[in-house]
Amino acid sequence: MHTVEEFLAYAVKLEEEAAIRFGELADVMQSCGNGDVGKLFRRLSDYSRLHLADAKARSGFRDIPDMRPNEFAWPDFESPESAAIWAADPFIGREQALEIARDAEQASLDYYTKIYRTTDDSEVRVLAKEFVEEETLHVAEINKWIAAHKAGGPLPVDRLRVF
């Protein structure tokens, strides 16, 4: 990343795609009667929309490049926080859904960490550090959800403060 504008263009796209994918997965889970997992994915979609709004707000006065989908150079085929498409399996369980969600958040954390470590732009580094700290909290929170699931308790998705 060479400019704040480029960084923010990527951040906006990453959150937009995460919101869309988690929303699609929530719809699939609801339509096939897997309500617990649908609720989890819906919550994650909502959080991604909040992060999208934040990224857009940070972009407010800047001239953000208008990039086409094929112009983004992601580490893999899709943006890092796009949850795995196989999460659309109607028989997926809560544990697998949580692992997929954690993997998506971890991929986002890894992405921002790499930017933080490799950028030469001090302003990009400051922003990337903020995103690293936020994504670190997200991964930790989902790990709490996984621990609650394994302990047989309810998922704390309704009382989150971190996201």
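Numbers for the structure displayed
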read-out: Test: Ser122 is open to solvent by less than 20 Å² (accessible area, probe 1.4 Å) and either among the hydroxyl-bearing types (Ser, Thr, Tyr) or under 11 Å from the mean Cα position of the chain (by Cα) (or both); value: no
read-out: Qualifying positions in the stretch 34-72 - open to solvent by 70 Å² or more (accessible area, probe 1.4 Å) and not in a helix (DSSP H, G or I); value: Phe61, Asp63, Asp66, Arg68
read-out: Verdict on Met1 being buried (at least 20 other Cβ atoms within 10 Å of the Cβ) and in contact (Cβ under 8 Å) with a residue 12 or more places away in the chain; value: yes
read-out: Per-region count, the stretch 112-129, residues closer than 23 Å to Phe22 by Cα and either out of contact with any Phe, Trp or Tyr (no Cβ under 8 Å at 6 or more places or on another chain) or not in a helix (DSSP H, G or I) (or both); value: 1
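Results for (1) out of contact with any Phe, Trp or Tyr (no Cβ under 8 Å at 6 or more places or on another chain); (2) under 24 Å from Val28 (Cβ atoms), shown as yes or no for each residue.
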site	(1), (2)
Ala88	yes, yes
Glu105	yes, yes
Asp110	yes, no
Glu135	no, no
Lys144	yes, no
His149	yes, yes
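The values are calculated or read from the model by the stated rules, or taken from the named source; none is laboratory data. Keep in mind it's a predicted model, so treat the numbers as computed, not measured. Reconstructed Cβ throughout: ideal geometry from the backbone, glycine too, with neighbour counts over all protein chains shown. The protein model used for the area step is the full one, side chains on, heavy atoms only, and it has no ligands, DNA or RNA in it. Shrake-Rupley method; radii C 1.70, N 1.55, O 1.52, S 1.80 Å.
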